[in-house]
Each structure stands twice: as structure tokens, then as C-alpha cells.
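Everything below concerns the one structure shown next.
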Amino acid sequence: MCGIVGYLGGSSAAAQPVLFDLLKRLEYRGYDSAGIAVMNGSIQVLKTKGSVNNLMSETPILRGCCGIGHTRWATHGKPSSKNAHPHCCDTNKIAVVHNGIIENYIEIRDKLIDLGHKFRSETDTEVLPHLIEENYNNDLESSVRQALSMVRGSYALAAISSNDPDKIVVARKDSPLVLGLGETGFFIASDVSGILKYTKDVIFLNDRELAVISHNGIEITTLDGKKVDKKIETIKWNAESAEKSGYPHFMLKEIFEQPDVIRETFSGRMSAEGVDLEVVMPDARRIIITACGTSYHAGLFGRYVIERFARIPVNVEIASEFRYINPIVNSSDLVIGITQSGETADTLAAVREVNLEKSQKFGIVNVPGSSITRESQCLFTRAGPEIGVAATKSFTSQLAVLLLLAVQLGRARKEMSTADANDFVYDLKQMSGNIQRVLNEADNIKKCALVFADADQFLFMGRGANYPIALEGALKLKEISYIKAEGFPAGELKHGPLALIYDGVPVVAIATEGVTYEKMLGNIKEIKARGATVIGIANESDTKIEKYVDRVLRIPDSNPWISPVLSSVVLQLFAYYVADYKGCEIDKPRNLAKSVTVE
Ligand code: F6R
């Protein structure tokens, strides 16, 4: 949600092209408006409604080696050039970019108006430059500190002042911020994929920390002024993984990366004993998984496999609800937060809630250095940077980690024999190759997708561990193609959703081998009898399915607990080709942003 960037190069460096490039790389965090401010004696600001490309197309060349920038996902005030960041104080001597929400901005703005300040936007952020100006006492750092002591809410911000040139002051509370130390200067970004092209050496700011970046280096203190020694961490992701590398969209590239991603997710985690994960906590009496969106669907899948292999009861909770239901959590519970970004405000808050109850907890996360990794032990999914807003490789890598976890818990609790664990691990090792075989069928999946691409409604259904995959298939389709799509447990259709079936409505039925296969065929008959056109996802060796459905998309034969991963890849490609046919902005669907850092 909103990307903030900053750059300070040597005195002959040009900040503007670097800021544009950083913003383009963070655009998946928001694309309602964009802007930069560059220091060259005075502060020069350029901003516009819409994407970073819009900004770049109408921008004169600004000179200066120091600047900040912002790409916005609107919360307070509609997308417009006036509401775009950077925001400045009355004298234009201070400019600020901000990600987060200033909760008491109305109260602060009213006081500042009484003091004579003039506001130009409807944003909460605009109070910050005015407040810094009001508290200005000859240096930017102490004025920012003073201003921040008066605000409530969340922020990652960067501020510059023409009174204190070639210096950027940044601070964070509950919104992410990373500083990069490169050969050509210092970089600031909301997350590492923004700066990977320039450097892998980074410092992650923690909550309530403030950094001053100047030609003398980076100095970090707490908000109340205590010096902090921070470690420089080296990011292992390679820079190319954050590029499109010839694919038309990041989403397609990320779908095609999945065989490699799964190999990486499994690497070093399978041993002679079965599975060897870094964090497990096998003594839990109950597991509570909490997450949002696609990660929540992974959590639902986790429930099926953990209960099956480890016989531990699992509850799966939508993070934004979990916080407010006054959850009953006790010390024998294990809480697992699943989040690709590691920054989703609701998931972080849900996991923090657990601190109060002193139960065990850990995160399943993709982004190194993200907020959840600073608060909990974590299992990394190792999917690499995911830039497309629609989660793809992060989802299958979450499923892969959950399968590993289920096996390890099953072994630790003696619910799974060594022989069964070894057999299962053997099957897991086939997963990457089987995903590749699904990808080899992309042209067939595309042909099928194009037959249905003009439909105005889709239903997805599955049973057992395929039910979360049906939900995920529907989410993928609706978020990138804007077609109405819902996922259902197939057995539940006759309790209401069957009323949605009419002549020709496309229904995607995941009918792969497993205990519910015969039941699925029954459910398919029910909807066919009412006129639905059914696209079945079935195993290669299934000879029956053709008699039941109108079209079949095949996946390689595999263990029924692993085939949901393969079906997910089919549904990702299906959604991608429908959205591409419709000419949708696939990597940046309307109204969405990748990292949801506001509640
Ligand atoms: C959908 C999607 C979202 C995210 C959700 C949680 O494709 O990406 O539904 O899954 O916003 O994000 P993370 O996993 O970063 O917590």
C-alpha cells in the first residue's frame, strides 16, 4: 500500500532517473498517483494522477542528487494530482512522502490551520510537512522527531528540507522501510525488491526508528534519540528475479517460475528422517492459522493436511476477523500467521494479539526482513520477489511449506510412520517436475480459457483439500479479469448456490483422484442437469471424466494431497489468459495493491 522511495547519490549524481526507476519497481504497492521531490537549492516537486509512466511522460529534467518519491494507493482523498505525494509545507521548504495512516490528522490539521497553515490536499499525510515546519528548529532530524511525537497512527516516511540540503530523514512505525547501501549512493524503499537492482546490502528499520541519510553515511536512532547499531544484511534474492525477463507480465513470469521456486522451497528441508524444517513446535494441542486473501486459502489447505498427517486440530481464521472476535487462545496453542509480504496489517495485528496470550507462534513468510520476521520466528517460502499483484508462486510455495510442516508434525507426533513419510517425501520431490508438465500444457489451458473468456460469471467447486483451491481459482479470476467468480465446496451447492446455475454458466470442477472423487462426479451431474457447462480438472489417467464434463484440463497423476498444488497452477494460467484476452491490467488490477499495510 503506497510505495515510498528516496535516493542520495554523490554530488554529481542525478536523482530523478533513479527515483523514477525505484518508483516503477514499487508500483505494485499502489498506482493511483505518483510524484517526486528533488533538491537543488530549493525543492522541486512533480506529481500527477495515475501511474509512474504518466509522471515520466510529462516531466521536465530536475537537477539534484537527492530526492524522494511516492506511488500511491489512495486512502484519504481520491486519486488526483492534488492528493499525490510528496506534500510540502507552506513555504515549500519541506517535502514529505508517507506510507501509512495518521489517525489524529484532523485534530492536528485544525490546530495548524488556526496557526495559519494552508492545506492543499485532502490527505492525512499533508499534516506532516506542516507539523515539521511548525516545529522546525534548525535541523530536519530533530524537527521530524518532534513532529512524530505528536502523531498517532502508522508511518514509513521520508522528509527533505531545503534548509538542511542533501539529507533525507526517514522514520517508521508499523509500515515497512528499508535502506540500501549501494556503490552509487544510498537508497530508500518500502521493500527490498525496489532496490535490488542497485544493491543487496540493506538495513531494515524497525518500528520507532529514525535514520538520517547524508553524504557522511547513515545514522540510526530510536524516535526518542537513542543511538542504534544496525546490522547490514545481504539479501540473497537475485536482481533478475525482480525483472520481467521478456514475459509480457510479471504474473506470467511468476507462474512459470514455479518449478524452480518449489525446488528452492524444498531445498535442504528433506532428510533421511522425512522432513527437517527450521521451526516446528510439535507440542501444540491446537493450531490456529491466521491470514488474508490467498494466504488464507493456503491456510485452509494447511488445515486439511495437518489434520490428516499430524492429527492436530487446526482452526483457520481470517486475520481481520480474528482480532475482533475476542479469540480464545491459550498457552498450549500454536498460532501460525501466513503472509507473502510479511507486512499485511491485519495478519501482523492478529499475530501480535497472540503475544498477549503467551501461546507459541510463528510466521510462514516470503519477504526477508519484513515486519513479521522481526517479531516472530519464521519459515520462509523462498519464492523470491513476487511483483504481480495476484499471488501465484507465493501461494504454491505456501502450500509446499504446509505440506512439509504436516509431514514433520506427523512424524514428531508419531502419527505418520517413517515409511509413509519417506513415500510422501518421494512424492513431494516429483512436485516441481509435475508443475513443469502443467506449464507445458499452457497452450491448451489458453485455448480453453478463450472459449469462456466472455462469460460474465464463473463458479469454482472442489471438495476436501481441493475446496481451498476452488476458492483461490475464483479469487485469481475475479481479481485480474473483474469477472464475478465464486468458489464453493461442491457438496454445499445444493444448500443454496445451486440457484446460481443457469443454462451455459461455466463451472470449474476440480475432480482429481482422491477420497471425494466419486462424490465430485455426483455433484457435477447435479449441475450439468441444471444446464451448467463444466470444465473439469482431472488426472491424466482418468478415463471416466470425459463423460461427465464438457471440457477437461489434465494434471499429471500424483499423490492426492499434492495434486491441489498442480490444479492451482492450471487455475492461475486459466485466470491469466482470460484477463489477457480481456485486455486487463494484469499486474496492477484496479483498486488493489500488493502489500496491504492498512487495516
Ligand atoms: C491475491 C492476493 C491477496 C493477498 C493478501 C494477503 O492474489 O495476493 O489476497 O494474498 O492481500 O497478502 P500477504 O500474503 O502478503 O499477507
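The values are calculated or read from the model by the stated rules, or taken from the named source; none is laboratory data. This one's a predicted model, so the numbers in the text were calculated from it and none came from an experiment. A quick note on method: Cβ atoms are made from the backbone with ideal geometry, for glycine too, and the neighbour counts reach across all protein chains shown. These area figures cover heavy atoms from the full protein model, side chains too; ligands, DNA and RNA do not enter into them. Shrake-Rupley method; radii C 1.70, N 1.55, O 1.52, S 1.80 Å.
Can you tell me which residue in the stretch 229-256 is nearest to the chain's Cα centre (by Cα), limited to those that are of a type in the set (D, E, K, R) and either part of a strand (DSSP E or B) or closer than 12 Å to ARG382 by Cα (or both)? Lay out the reasoning, then the answer.
Let us first name the residues in the stretch 229-256 that are of a type in the set (D, E, K, R), namely 229-231, 233, 236, 240, 243-244, 253-254.
After this cut, where a residue has to be either part of a strand (DSSP E or B) or closer than 12 Å to ARG382 by Cα (or both) as well, the list is 233, 236.
Details: GLU233: 21, LYS236: 19 Å.
Going through the qualifying residues, I end up with LYS236.
Among the residues of the stretch 51-64, count how many are out of contact with any strand residue (DSSP E or B) (no Cβ under 6 Å at 6 or more places or on another chain), crowded, with 16+ Cβ neighbours inside 10 Å and not in a helix (DSSP H, G or I).
Total satisfying the criteria: 1.
Only one of ARG352, ARG323, ARG303 is in a helix (DSSP H, G or I), more than 16 Å from the ligand (Cβ to nearest atom) and open to solvent by 20 Å² or more (accessible area, probe 1.4 Å). Can you tell me which?
Within the list ARG352, ARG323, ARG303, the selection yields ARG303.
State the number of residues belonging to the stretch 281-300 that are part of a loop (DSSP other than H, G, I, E, B) and either open to solvent by 10 Å² or more (accessible area, probe 1.4 Å) or within 12 Å of the ligand (Cβ to nearest atom) (or both). It would help to see each step written out before you state the result.
The first filter runs over the stretch 281-300 and keeps only residues part of a loop (DSSP other than H, G, I, E, B), leaving 281-285, 292.
Cutting the leftovers down to either open to solvent by 10 Å² or more (accessible area, probe 1.4 Å) or within 12 Å of the ligand (Cβ to nearest atom) (or both) gives us 281-283, 285, 292.
Qualifying residue count, the stretch 281-300: 5.
Tell me which strands (runs of 3 or more DSSP E) are completely within the stretch 483-557 and hold 3 or more residues being in contact with a Lys or Arg (Cβ under 7 Å, 6 or more places away or on another chain), or say none if there are none.
The strands (runs of 3 or more DSSP E) meeting that bar are 484-489, 533-539.
Taking the residues in the stretch 548-599 that are open to solvent by 20 Å² or more (accessible area, probe 1.4 Å) and among the acidic types (Asp, Glu) as candidates, determine which candidate is nearest to HIS297 (Cα to Cα).
Only one residue fits best here, namely GLU599.
Does at least one position in the stretch 65-86 carry a residue that is open to solvent by 30 Å² or more (accessible area, probe 1.4 Å), under 22 Å from ILE168 (Cβ atoms), in the same structural domain as GLN16 (by TED's automatic domain parsing) and not hydrophobic (A, V, I, L, M, F, W, C)?
Scanning the stretch 65-86 turns up no residue that is open to solvent by 30 Å² or more (accessible area, probe 1.4 Å), under 22 Å from ILE168 (Cβ atoms), in the same structural domain as GLN16 (by TED's automatic domain parsing) and not hydrophobic (A, V, I, L, M, F, W, C).
Of the numbered conditions (1) at pLDDT 95 or above; (2) out of contact with any Gly (no Cβ under 7 Å at 6 or more places or on another chain); (3) within 26 Å of ALA579 (Cα to Cα), PRO497 satisfies every one except a single condition; which is it?
Here PRO497 meets the rest and fails (1).
Tell me, yes or no, whether the stretch 459-478 has at least one residue that is of a type in the set (D, E, K, R) and closer than 20 Å to ASP443 by Cα.
Looking for residues that are of a type in the set (D, E, K, R) and closer than 20 Å to ASP443 by Cα, one finds at least one in the stretch 459-478, hence yes.
Here is a list: GLU386, GLU353. Which entry is touching a helix residue (DSSP H, G or I) at 6+ places or on another chain (Cβ under 9 Å), more than 22 Å from GLN572 (Cα to Cα) and not assigned by TED's automatic domain parsing to the domain that holds LYS231?
Only one candidate passes the filter, namely GLU353.
Taking the stretch 372-409, which residues are touching a strand residue (DSSP E or B) at 6+ places or on another chain (Cβ under 8 Å) and either within 20 Å of TYR304 (Cα to Cα) or small (Gly, Ala, Ser) (or both)?
Of everything in the stretch 372-409, those that are touching a strand residue (DSSP E or B) at 6+ places or on another chain (Cβ under 8 Å) and either within 20 Å of TYR304 (Cα to Cα) or small (Gly, Ala, Ser) (or both) turn out to be SER376, LEU379, THR381, GLN398, VAL401, LEU402, LEU404, LEU405, VAL407, GLN408.
Do the conditions hold for GLY464, that is, is it assigned by TED's automatic domain parsing to the domain that holds ALA538, closer than 22 Å to VAL305 by Cβ and over 29 Å from the mean Cα position of the chain (by Cα)?
For GLY464, the condition - assigned by TED's automatic domain parsing to the domain that holds ALA538, closer than 22 Å to VAL305 by Cβ and over 29 Å from the mean Cα position of the chain (by Cα) - is not met.
Condition test on GLY194, is it assigned by TED's automatic domain parsing to the domain that holds ALA37, more than 20 Å from ASP139 (Cα to Cα) and surrounded by 23 or more Cβ atoms within 10 Å (Cβ to Cβ)?
yes
Where the second residue is in a helix (DSSP H, G or I) and the first is at positive phi and lies in the stretch 126-154, which pairs have Cβ atoms under 8 Å and are six or more apart or on separate chains?
If the second residue must be in a helix (DSSP H, G or I), the pairs left are GLY153/TYR105.
Quick test for you: out of ASN99, ASN163, ASN137, pick the one residue that is in the same structural domain as LYS47 (by TED's automatic domain parsing), open to solvent by 50 Å² or more (accessible area, probe 1.4 Å) and out of contact with any Asp or Glu (no Cβ under 9 Å at 6 or more places or on another chain). I'd like the intermediate steps shown before the answer.
Details: ASN99 fails: open to solvent by 50 Å² or more (accessible area, probe 1.4 Å); ASN163 fails: out of contact with any Asp or Glu (no Cβ under 9 Å at 6 or more places or on another chain).
Result of the check over ASN99, ASN163, ASN137: ASN137.
Can you say whether ILE364 is under 22 Å from ILE480 (Cβ atoms) and either part of a strand (DSSP E or B) or touching a Cys at 6+ places or on another chain (Cβ under 6 Å) (or both), as far as the supplied structure shows?
no
Please state which of the following conditions GLU375 fails to meet, knowing it meets all the rest: (1) at negative phi; (2) within 13 Å of the ligand (Cβ to nearest atom).
Just one mismatch for GLU375, condition (2).
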